[in-house]
Structure formats: C-alpha cells, structure tokens
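For reference, the structure discussed in these notes is given below.
Only the coordinates and a few stated rules stand behind these numbers; no lab work does. These numbers were taken from a predicted model, which means no experiment stands behind them. All Cβ positions, glycine included, derive from the backbone under ideal geometry; neighbour counts span all protein chains shown.
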Amino acid sequence: MTTPAAASNSRKLANLLLVVVGVLYPFIVYFGSDHVSAPVFGLILGSLWLVRAPALVRQPGGKWMLAVTLAYCTVLAFGGHDHLLRWYPSLICALMFAAFALSLKFGPPMIERFARLIEPDLPQAAVPYTRKVTWVWVAFFAINGTCSALLAAWGPLSWWTFYNGVLAYVALGTLFAVEWLCRQRMRRRIRHAPMNAAAARLASHPWVEDARGGNAGKNAPGMVVALTASGRLALQRHGRAGVTAELGQHAAGDDALATPLAWRFVETMPEAARIDLLLQAPLPRIAAVRAERTEGGTHVLSLELPLDLACFSDHFPNAPVLPGVLQIAWALEFASSRFGTPTTCHGMDQLKFQHLLRPGDRVALSLRHDTTRGRLHFAYRVGDKACSSAHLRVGTVAGTVHAR
C-alpha cells in the first residue's frame with residue numbers, strides 16, 4: 001500500500017523529470033529518435049503527466065491542460081509517426097499561451113498570481129505592472145510557439161533542435177533578465193511613491209525650501225530637507241526633535257505610511273543620485289572645513305556646523321548647542337593635522353565660553369601653536385562675536401581631554 005509521503009515523493013520526482021525532459025527534449029529527439037520509437041516516447045511522456053495529474057487538476061485550467069497533453073501522448077503512442085515528436089514544444093507553448101491569455105480575461109493575471117505567492121500583500125500599484133508582464137509572456141509564447149511549429153512542419157531536424165534547445169532558452173533567459181531589471185525599477189518607484197507625495201506636501205511648509213524622499217536602508221523611508229532661513233531658525237529654537245515632529249505631521253497628511261522614519265537637514269539639496277546615500281550615511285560628527293588660510297603663525301579655518309550634526313540630537317534635542325568639550329576636542333584634532341601636536345592636552349588656561357554655537361553657524365577657528373611653551377591657543381568666532389577660547393597645554397603627558 002502506497003503511503004501519502006511516498007505518493008508525494010513520486011509526484012515531486014515526476015515533476016522534476018517532466019522539467020528535465022522538457023528542457024532536454026529537442027536533444028532527446030535529435031539523438032534518440034533512431035533508437036527509441038515514437039510510441040515509446042508517447043508512453044514515457046504520458047506516464048509522467050499522469051503522475052503529475054492529481055496536483056494539476058487542482059490548479060486553474062489544469063484539467064484541460066492535462067487532457068490536451070494526454071491526448072497528444074495517446075496519438076504518439078498509437079499513431080507512431082516520428083515526425084509528431086517535433087510538435088511537443090509547440091504544444092507546450094500553446095498551452096502556456098492559452099493559460100496566460102485566459103488569465104488576462106478572467107483574472108487575476110498569471111504574473112499577479114505568481115507574485116502573490118512570494119508577496120501576499122502585493123501593493124495595489126504593482127497590479128497594473130503584473131498585467132503588462134503577463135501580456136509580454138503571452139506575446140513570447142505566441143512567437144516562440146509559432147517559430148517552433150514552422151520548424152516542426154518544414155525545417156530540418158537540426159534547425160528545429162537548435163532553435164528549441166538553444167535559441168528558445170536564450171530568448172527565455174533574456175526575457176527573464178530584462179523583466180527582473182524592470183521589476184527592480186518598479187519596486188523602487190513604488191517604494192518611493194509615498195515619500196515623493198510627502199515631499200510634495202512639505203514643499204508648501206514655510207520651513208522647507210526643497211525636500212526629496214528616499215530610502216534610508218532596510219526599506220525605511222527617509223526625507224532630505226533643505227531648510228529656509230525660518231526653518232534653520234526653527235531648528236535652533238526647537239531642536240531636531242521639534243522640527244521633525246512638525247515636518248513629519250505635515251509630510252504625512254492623511255497617510256500615516258507617508259511619515260519619514262529618517263531625516264537629514266541640509267543647506268542645499270544634493271543631486272538625486274545621492275539622496276539614498278545621504279540618508280543611509282551616519283550623521284556627521286565634525287564640522288566641515290570650507291576654507292583655510294594662514295596669518296603669520298596662526299591657522300584660520302572657516303567651518304560650517306552641519307544642520308544635523310550628530311551631537312545636536314543629544315545636546316540638546318530641543319535646544320541644540322555645540323558642547324564645550326567637543327569644541328576643545330575639535331581644536332586639538334584640527335591642530336594635530338596641521339602642527340603635529342597631540343590630540344590630547346594635560347591642562348588648560350583662560351578657558352572662556354562666551355557665545356553659543358548652533359546648527360548652521362559659520363565659524364572661524366583660529367589655531368596658534370607656541371612651540372616654546374608647549375601651548376596651543378584656539379578661538380572660535382561667529383562674525384564679530386567671540387564664542388570660546390583657551391590656552392591648551394599639549395605635550396607627551398597623558399592627557400585628560402581627547403579628540404573624539
């Protein structure tokens with residue numbers, strides 16, 4: 001007595017053999033027709049289809065597909081003409097053509113069915129694409145089946161074998177590759193659609209000069225925002241948390257799924273190709289050097305504090321200020337690459353903090369190294385305002401302040 005497990009294994013083996021026979025069929029006919037008669041071919045094919053029958057009859061259109069193939073195998077088994085062997089690829093193409101074409105009429109399209117097996121919650125925006133791809137496959141099966149039939153009827157056996165065993169599979173592989181590339185573009189378009197709509201809504205906000213949505217990694221939606229002057233002021237007054245809360249609500253509108261999960265604030269919008277890269281990059285941890293000059297023994301660096309400098313998220317979320325310890329660490333780090341001084345200091349004199357440094361500030365950092373006394377003097381200024389300064393004792397002694 002056959003157990004259910006054994007029956008299942010038999011069907012799986014039959015399915016595998018049917019695929020192998022289908023792929024190698026042109027070469028089997030070409031090299032084996034002199035040794036194996038058409039009736040034997042018919043019996044072998046019919047047996048494989050019969051083993052597959054229980055699963056096939058439960059599929060849409062499976063009954064008539066099984067009936068047609070068994071009828072063909074019966075004709076082979078009792079007709080016995082070797083020329084009939086060439087019509088098997090055309091028959092399979094005709095069956096696939098009918099299955100795909102009928103799915104377009106009665107729905108859902110065949111490609112949509114395949115897609116939902118992998119992605120049950122297929123986005124509604126992807127459904128029209130699956131219908132178009134189904135039409136492409138209908139055309140492919142029609143053209144491929146016609147070419148195969150013409151060669152079966154009038155072409156030499158070698159031509160028929162080369163077309164069905166080589167050219168047809170090259171065309172099939174090319175179609176798969178092109179469709180895969182188109183599918184990736186479609187996926188990106190669908191994934192970006194909510195963020196594109198959110199960016200359009202943000203464009204009307206007085207804090208926003210420009211906005212573009214993108215992918216922040218692991219399919220997380222993100223938004224890059226170029227702030228207006230009032231937006232930069234809002235960032236200084238309310239911090240990153242306050243600005244993202246306000247802009248997030250405005251971006252979402254009535255669609256909660258359109259709320260960005262990652263934000264980047266910039267002075268000017270980067271080109272489109274760099275949006276995803278910017279969203280996936282970590283927040284900057286040091287000021288950007290825009291220019292540099294030397295005045296006597298003093299190096300003057302023109303710095304720009306990024307709007308989304310990493311430290312502003314913690315110091316402080318609702319009132320961002322550049323920490324004093326970070327100002328000292330930056331001075332040590334910038335001096336190290338210019339004077340060769342250590343990135344640590346073991347003391348400081350005349351330390352002054354006179355003015356806050358905020359997101360987007362353009363800062364002049366003056367560095368002067370007194371080699372005789374082993375001291376590094378730094379001073380931060382915004383325009384005419386002195387922000388901070390100190391004399392740092394640098395040397396080989398283990399330091400208490402480290403550049404980070």
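Our helix-only sum for the chain, with -39,500 (n - 2.57) per DSSP H run of n ≥ 4 divided by its residues, gives a mean residue ellipticity at 222 nm of -17500 deg cm²/dmol.
Against the chain, whose longest principal axis is taken from its Cα atoms, helix 38-56 shows a tilt of about 50°. Let a ≥ b ≥ c be the square roots of the eigenvalues of the Cα gyration tensor of segment 288-402; is it rounded (a/c under 1.5), or, if not, prolate (a/b larger than b/c) or oblate? In terms of gyration-tensor shape, prolate. The Cβ shell under 15 Å around ARG362 holds other residues with a net charge of +1, Lys and Arg each +1, Asp and Glu each -1.
Dipole magnitude for the chain: about 320 debye, using +1 per Lys or Arg Cβ and -1 per Asp or Glu Cβ, origin at the Cα centre. Taking K and R as +1 and D and E as -1, what net charge do the other residues with C-beta under 14 Å from the C-beta of PHE353 add up to? Counting the neighbours of PHE353, the net charge comes to +4. Given the Cα-Cα distance of THR146 and LEU117 and 0.36 nm per residue of separation, how much length would full extension add, in nm? Separation in residues times 0.36 nm, less the Cα-Cα distance, equals 7.4 nm.
Seen against the Cα atoms of the chain and their longest principal axis, helix 229-252 is set at about 20 degrees. A simple spin-label model places pseudo-atoms 7 Å from Cα toward Cβ; at ASP314 and THR294 they are separated by 3.7 nm. For the chain, just say rounded, prolate or oblate: build the C-alpha gyration tensor, square-root its eigenvalues into a ≥ b ≥ c, call rounded for a/c under 1.5, and beyond that prolate if a/b exceeds b/c, oblate if not. In terms of gyration-tensor shape, prolate.
Calculated FRET efficiency, ARG185 to SER37, Cβ-Cβ distance, R0 = 35 Å: about 0.10 to the nearest 0.05. With the cut-off at 1.5 for a/c, could you classify segment 203-280 from its C-alpha gyration tensor as rounded, prolate or oblate? Taking the square roots of the gyration eigenvalues as a ≥ b ≥ c, segment 203-280 is oblate. Extension gain for GLN124-GLU267 works out to 47.8 nm (0.36 nm per residue, less the C-alpha to C-alpha distance).
Using 0.36 nm per residue and subtracting the Cα-Cα separation, the extra length available between ALA139 and LEU84 on full extension is 17.3 nm.
Name the residue farthest towards the positive end of the dipole of the chain from the options GLY145, ALA193, LEU309, assuming +1 on Cβ of Lys and Arg, -1 on Cβ of Asp and Glu, about the Cα centre. Of the candidates, LEU309 comes out farthest on the positive side. Here the spin labels are modelled as points 7 Å beyond Cα on the Cα-Cβ line, and at ALA171 and ALA203 they lie 4.5 nm apart. What longest range of the chain stays clear of loop-exposed GluC sites (Glu not before Pro) (DSSP non-H/G/I/E/B, at most 14 other C-beta within 10 angstrom)? Longest gap between qualifying sites, sites excluded: 1-266. Across segment 288-402, the relative contact order, built from alpha-carbon pairs under 8 Å that are at least six residues apart, equals 29 percent.
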